[in-house]
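Worksheet for the structure shown next.
The values are calculated or read from the model by the stated rules, or taken from the named source; none is laboratory data. All of these numbers come straight from a predicted model, not from anything done at the bench. Methodologically, a virtual Cβ is constructed for each residue, glycine included, from the backbone with ideal geometry; neighbour enumeration extends over all protein chains shown.
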Amino acid sequence: MTPIPQEIPVGIVGLGLMGCSITTCLLIAGHPVVAVAPIPVDMITALPRIKEHLERSYQKGLITNQPESYLENLILTEDYEELRPARLVIECTIEDRGIKESVYQKVERVIASDALLASNTSAIPISVLQKLTQHPERFFGLHWAEPAHTTRFLEIICGDDSAVSLGEYLYELAHFWGKEPILVRKDIAGFITNSLRIAFACDESVRTGQVVIL
C-alpha cells in the first residue's frame, strides 16, 4: 500500500537544530506532526526556528503554500501522551545512551505496539539502541543531512533485529519527504556516509602526507 503522509501522524522527540529541521520537512510533506520538547528551553526556541525554516523555504520557492498553513498540522508539547496516535516517532536527542533509553521508554508507553520508532543518531549503532526498546524489529536509524528540510540525503538503517520489510516501507515513505534515500540493510559502524568520509580522509592523507581533520 502506498503511504499517504496526510494520514500518517509522526512524532518528533528533541527539538534542537536537527529536530526542528526534520519537523519542518515532515510538515512540508503533509504529515500531522507532534513535536515533543524533552527540555523546557525547546518550548521557547522550537517554534521560531520552524517558522523561520518555513518562511525561508517559501522565499526561495521551495514551498508554494503560505508558511502559516503548515503550522496547522503541528502540535508542540512537553506531554508524551500527545504521541499516542503517531505511526512513526523519530528521536532526535543528544548522543547519550541513557537519555535515549529514557525517551524510548516514555514513547513506548503511549504509542501502539505496531508503530515505528527511529533514531537520528549518527554515533551509536542501531543494533545497540534497538535492544533498549520493547519492539526492536520496529526500530530503525534515520540519518539525515542538515538542513533536513532542504537536503535530499537520507539513510535508513536497519539494525540486526530490524524487520527489513518495514525498512522498505520507510524507504518508500522517504520519497514523499523529498529525499533520495538509501536503505542500509546491515548496520555498519558510522553508516555509509561516515564510512565514506573516513575512507576519503585516509586516502587524502596517504596522497598528501598530511593529516585530514574530519
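Of note:
- Odd one out for Glu52, checked against (1) in a helix (DSSP H, G or I); (2) closer than 26 Å to Leu170 by Cα: (2)
- Condition check for Ser122: modelled with pLDDT under 95, under 21 Å from Lys186 (Cα atoms) and among the hydroxyl-bearing types (Ser, Thr, Tyr): yes
- Condition met for Glu72 (loosely packed, with under 14 Cβ neighbours inside 10 Å, of a type in the set (Asp, Glu) and without any contact (Cβ under 8 Å) to a residue 40 or more places away in the chain): yes
- Residues within the stretch 161-187 that are farther than 21 Å from Cys25 by Cβ, assigned to a loop (DSSP other than H, G, I, E, B) and at pLDDT 95 or above, tallied: 3
- Looking across Gly14, Gly30, one residue alone is of a type outside the set (Ser, Thr, Tyr) and touching an Asp or Glu at 6+ places or on another chain (Cβ under 7 Å). It is Gly14.
- Residue in the stretch 196-214 that is among the charged types (D, E, K, R) and at pLDDT 95 or above present: no
- On inspection, Tyr80 qualifies as closer than 22 Å to Leu142 by Cα and of a type in the set (Ser, Thr, Tyr).
- The number of residues in the stretch 149-160 that are part of a strand (DSSP E or B) and surrounded by fewer than 24 Cβ atoms within 10 Å (Cβ to Cβ) comes to 3.
- Comparison of Thr2, Thr64, Thr93, Thr23 shows that the only residue that is hydroxyl-bearing (Ser, Thr, Tyr) and in contact with a strand residue (DSSP E or B) (Cβ under 6 Å, 6 or more places away or on another chain) is Thr23.
- Annotation: Glu146 fulfils all but one of (1) surrounded by fewer than 18 Cβ atoms within 10 Å (Cβ to Cβ); (2) more than 22 Å from Glu7 (Cα to Cα); (3) acidic (Asp, Glu); (4) over 16 Å from the mean Cα position of the chain (by Cα); the unmet one is (4).
- Residues of the stretch 85-114 that are within 19 Å of Gly167 (Cα to Cα), assigned to a loop (DSSP other than H, G, I, E, B) and of a type outside the set (S, T, N, Q): Ala86, Arg87, Cys92, Ile111, Ala112, Asp114.
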